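Below you'll find the structure, written out as structure tokens, and then a few comments.
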Amino acid sequence: MRLWAISDLHLASDANRQALLQMPNHGDDWLIIAGDIGEKLEHLQFALAHLTKMFAKVIWVPGNHDLWAVPEHQGAQPLVGQAKYNALVDCARSFNVLTPEDDYAIFPGTNIVLVPLFLLYDYSLRPAYVTLAKVIDWARAERSVCADETFLDPTPHASRVEWCANRLAYSLTRLKKLIPGSQTVLINHWPLRNDLINIPRIPRFTPWCGTVETEDWHQQFNAKVVVSGHLHTRRTDWRNGTRFEEVSLGYPRQWDTDRGMTLYLRQIWPEV
């Protein structure tokens, strides 16, 4: 039995959708999906309808694209903010998929606790000389402003910063209830550490990549592995004895569609 992970499926792309349908059956294996399946609930439904048949258990966390306020159908009113997130959670649960709102699972045959997180970002991953009030202008100067500024509505929260703070507090409360000494796999769409962000094409995109508040969570919560996506830079890093896996697939131009999506599954456990 193995634990796999992938993120950033971006199923608005027909090539990615067709590749997903070719994913073979993995028997008793489990799968982590670390966000950005697509912008619509239909994309999540499409993915989970197939993947829950191909894997014994699926764990899902949202990404920023999943939370975008876009209409499901022409002329329809889009779901926004917390309402969109709630609808995504309800959709995942309808397929018996674990979400950041559910009890943590232990991967069979181990004592490793799988911890799906939804933490968002708070613009704190910016240079010290850039104030929060000026961070958008700073990013705009190099054409690095995230489309979330148009599409990710934080309602009913006053801002994405406030929503992030709410999610951090909620998640910390749950994590602190873990049995002391528990080993974890932390799962979040956005990376947990600033020093793992390497996006030279858009270096001023970092404010939309997480929060400084999680820099030591891998140590604080005894993580064997931390899984994230968002950056579209597949890689493995190590910090303080913890393995960090960026597991993005990405847009068709960012992966070899001729080789199939299965090749891009990252094995999280057992360690390889």
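The values are calculated or read from the model by the stated rules, or taken from the named source; none is laboratory data. Nothing here was measured: the structure is a model prediction, and the numbers come from that model. Here Cβ is always computed from backbone atoms with ideal geometry, including for glycine, and neighbour counts include all displayed protein chains. In case anyone asks, the SASA skips ligands and DNA or RNA and just uses the protein heavy atoms, side chains included. Shrake-Rupley method; radii C 1.70, N 1.55, O 1.52, S 1.80 Å.
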| Of all residues making up the range 61-86, the number that are free of Cβ contacts under 8 Å to residues at least 40 places away in the same chain, closer than 20 Å to I187 by Cα and either open to solvent by 20 Å² or more (accessible area, probe 1.4 Å) or assigned to a loop (DSSP other than H, G, I, E, B) (or both) | 1
| task | Give me the pairs, please: first residue somewhere in the range 219-233 and closer than 12 Å to S182 by Cβ, second residue anywhere and hydrophobic (A, V, I, L, M, F, W, C), beta-carbon distance under 7 Å, and either six or more positions apart or on two chains. | result | F221/L175; F221/L178; F221/L186; A223/V185; A223/L186; K224/I112; K224/V185
| said: Restricting to the range 250-269, give me the number of residues that are closer than 20 Å to H50 by Cα, of a type in the set (A, V, I, L, M) and within 16 Å of the chain's Cα centre (by Cα). | reply: 1
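Only one residue in I32, I6, I112 is β-branched (V, I, T), touching a residue at least 60 places away in the same chain (Cβ under 8 Å) and either more than 19 Å from V247 (Cα to Cα) or open to solvent by 30 Å² or more (accessible area, probe 1.4 Å) (or both). Which one? Quick ask: steps written out before the conclusion?
On the way: I32 fails: either more than 19 Å from V247 (Cα to Cα) or open to solvent by 30 Å² or more (accessible area, probe 1.4 Å) (or both); I6 fails: either more than 19 Å from V247 (Cα to Cα) or open to solvent by 30 Å² or more (accessible area, probe 1.4 Å) (or both).
The unique qualifying residue is I112.
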